[in-house]
1. Return the only residue of Ile130, Ile142, Ile134 being β-branched (Val, Ile, Thr), crowded, with 22+ Cβ neighbours inside 10 Å and over 21 Å from Ile6 (Cα atoms).
2. Considering only residues of the range 118-132 that are closer than 20 Å to Tyr160 by Cβ and among the small types (Gly, Ala, Ser), which is modelled with the lowest pLDDT?
3. Checking the structure you have, find out if any residue of the range 62-78 is in a strand (DSSP E or B), among the hydrophobic types (A, V, I, L, M, F, W, C), over 25 Å from Asn285 (Cβ atoms) and assigned by TED's automatic domain parsing to the domain that holds Gly168.
4. Scan the range 255-262 and tell me whether some residue there is touching a Gly at 6+ places or on another chain (Cβ under 8 Å) and not assigned by TED's automatic domain parsing to the domain that holds Leu140.
5. Consider Val268 carefully, then state whether it is within 28 Å of Ala321 (Cβ to Cβ), in the same structural domain as Arg304 (by TED's automatic domain parsing), at pLDDT 95 or above and surrounded by 17 or more Cβ atoms within 10 Å (Cβ to Cβ).
6. Taking the range 341-383 on its own, how many of its residues are surrounded by fewer than 21 Cβ atoms within 10 Å (Cβ to Cβ), of a type in the set (D, E, K, R), over 28 Å from Ala93 (Cβ atoms) and touching a residue at least 12 places away in the same chain (Cβ under 8 Å)?
7. Which of (1) in contact (Cβ under 8 Å) with a residue 24 or more places away in the chain; (2) more than 16 Å from Thr7 (Cα to Cα) does Pro85 not meet, given it meets every other one?
8. Do we find that Ser73 is closer than 22 Å to Arg5 by Cβ, surrounded by 22 or more Cβ atoms within 10 Å (Cβ to Cβ) and not basic (Lys, Arg) in this structure?
Amino acid sequence: MAELRITPVSTKADRKLFVDLPFRLYRDDPHWVPPLKGEALGLITPEKNGWYSHATAQLFLAYRGDRVVGRISAHIDTLAQEMSPVQGFGPGAGQWGLMEAEDEATFTALLARAEEWLRAQGVTRALGPISQSIWEEPGLLIEGYDHAPTVMMGHAKPAYRGWIERAGYLPVKKLVTYELNITQEFPPLVKRIIRSGEKNPSIVVREVDKSRFDEEAAIILNILNDAWSDNWGFVPLTPPEIKDVGVKLKPIVFNDLIRIAELDGRPVAFMITLPDLNEAIRPLNGKLLPFGWAKLLWWLRKPRVRTMRVPLMGVIKDLQASRLASQLAFMMIEAIRQASVRNYGASRGEIGWILDDNQGMNSIATAIDSKINKVYQIYERAL
């Protein structure tokens, strides 16, 4: 067997090799969804990803001879280091992610190289996998390998869990997603709570207006950064990131799938739902040319999907300890549930990710008869 060598990614050609590797490693996995290669390249190109405005990263490739056999990203998020340590990151924290490898020896060597780079930057504690922002694909899939991930969620080989744990990493936080049959009405108690809210003249649950995209995005961002600010792993989203996310998500933003709840005219809660883009891009095998772009544009005109994903919900902190918080959540969920079935033919919903100790959100998910379908694990190790 050829000797293993690990080299830093420094050129466009290196980045292309970095993106291409999973296509070979997962080609026989029926549940892996090939990302659009242009999108994957953009995430690791500083000029195209607003996250790099407050973060730095070094990518590595592992070779045996001329064959790429592994990859990893080591990165430092300066905003994450400014957060309180009780929220997961804090001073001295660094991360690694985007890890793929043919075998455990390669995996272990890549992890050691990432840790070496992090130590050189003054990092004393490494967390991973986080690929790369906490808002992208955090955590390693440890349950739910038997079905494909939805848009913006990760997939992984079952062997990776043992490889990480044998490298000395310990679990620090679990993230879960829930699935439910959205063609079924909610339990009677939830329906009564919704009807009570609908009778309250102080509450308005409205659709967003995509023609005022920037204004609506600013409203949602303000609620998000307040609602999530005490959560484990929270890092505030910045204007450059919001701009990039807006460009990427605008094509799959539909007015009736995103709701803002207002209390006496004040925006206090939101819910974002996205049609599962993975259903459309999966057959494209990462390529928009020669005909993939036309197929995708046609799909985007009026998506017909099986699954809708709820990546984000939030209620301002002032209301989170009140009954009103769950009432607003149920009202938004029901409005979007009906629109999803009626207008897009959807039959399945997925909510998450949600921190496993977020009692409020987990209670809401349980109340509407949803069940955990995937579990992701974030690990840490002192360096």
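The values are calculated or read from the model by the stated rules, or taken from the named source; none is laboratory data. Note that the structure is predicted; figures quoted are calculated from it, not measured. Because the Cβ atoms are built from the backbone with ideal geometry, glycine has one as well, and the counts that use them run over all protein chains shown.
1. Going through Ile130, Ile142, Ile134 in turn, the sole match is Ile134.
2. Ranking the qualifying residues of the range 118-132, first place goes to Ser131.
3. Scanning the range 62-78 turns up at least one residue that is in a strand (DSSP E or B), among the hydrophobic types (A, V, I, L, M, F, W, C), over 25 Å from Asn285 (Cβ atoms) and assigned by TED's automatic domain parsing to the domain that holds Gly168.
4. Looking through the range 255-262, none of the residues is touching a Gly at 6+ places or on another chain (Cβ under 8 Å) and not assigned by TED's automatic domain parsing to the domain that holds Leu140.
5. Against the criterion (within 28 Å of Ala321 (Cβ to Cβ), in the same structural domain as Arg304 (by TED's automatic domain parsing), at pLDDT 95 or above and surrounded by 17 or more Cβ atoms within 10 Å (Cβ to Cβ)), Val268 qualifies.
6. Here the count works out to 3.
7. (1)
8. Yes: the conditions hold for Ser73.
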